[in-house]
1. Relative contact order for the chain using alpha-carbon pairs under 8 Å, separation at least 6, rounded to a whole percent?
2. Can you list the residues, at least 5 places off or on another chain, whose amide H is less than 5 Å from the amide H of LEU35, using H built in the peptide plane?
3. Evaluate E = 1/(1 + (r/R0)^6) for TYR2 and LEU35, where r is the Cβ-Cβ distance and R0 equals 22 Å; express this FRET efficiency to the nearest 0.05.
4. Apply the Karplus curve 6.51 cos²θ - 1.76 cosθ + 1.60, θ = phi - 60°, to the phi angles in the stretch 51-60 and return the couplings in whole Hz, x for Gly and Pro.
5. Could you tell me which of VAL62, TYR2, VAL25 has its Cα farthest along the dipole of the chain towards the positive end, charges placed at Cβ (Lys, Arg +1; Asp, Glu -1), taken about the Cα centre?
6. Considering only protein heavy atoms and a 1.4 Å probe, what is the carbon-and-sulfur percentage of the accessible area of the chain?
7. Would you mind getting the accessible area per residue of the chain, heavy atoms of the protein chains only, 1.4 Å probe, in Å²?
8. Working from the alpha-carbon coordinates of the chain, get Rg over Rh, Rh being the Kirkwood radius.
Amino acid sequence: MYLTAYDGVSAAREDVADDLAWYNVRHPHSGLYRLTSDETYVAELRPIALAAYDEILGVARVAHLGFAFV
């Protein structure tokens, strides 16, 4: 990001949004093994989402069948 004189707040917001999109979505980071920030975030969320899904299914099975599978 560079120091820029903008015509208005909306122009500044648009420029900042573009910079953030580039940085998080399109820019691979050496500290993240050449992945983007978004790729790393999604990779970390996947196991959490699967665990939550398994928990929800377990509760539904108990509610429906009266017991849980082990």
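The values are calculated or read from the model by the stated rules, or taken from the named source; none is laboratory data. In this text, all values refer to a predicted model and were calculated from it rather than measured experimentally. Cβ coordinates were reconstructed from backbone atoms using ideal geometry, including for glycine residues, and neighbour counts include every protein chain displayed. With ligands, DNA and RNA removed, areas are computed over all heavy atoms of the protein, side chains included. Shrake-Rupley method; radii C 1.70, N 1.55, O 1.52, S 1.80 Å.
1. On the way: 31 pairs, mean separation 9.9, N = 70.
Once normalised by length, the contact order is 14 percent.
2. Hits under the 5 Å cutoff: HIS29.
3. Numbers: r = 26 Å, r/R0 = 1.17.
For R0 = 22 Å, the calculated efficiency reads 0.30.
4. These are the phi-based 3J(HN,Hα) values: 5, 5, 4, 4, 5, 4, 4, x, 5, 5 Hz.
5. With unit charges placed on the Cβ atoms, the residue in question is VAL62.
6. Details: 3910 of 6170 Å².
Exposed carbon and sulfur together represent 63 percent of the surface.
7. Working: 6170 Å² over 70 residues.
Heavy-atom accessible area per residue stands at 88 Å².
8. 1.35
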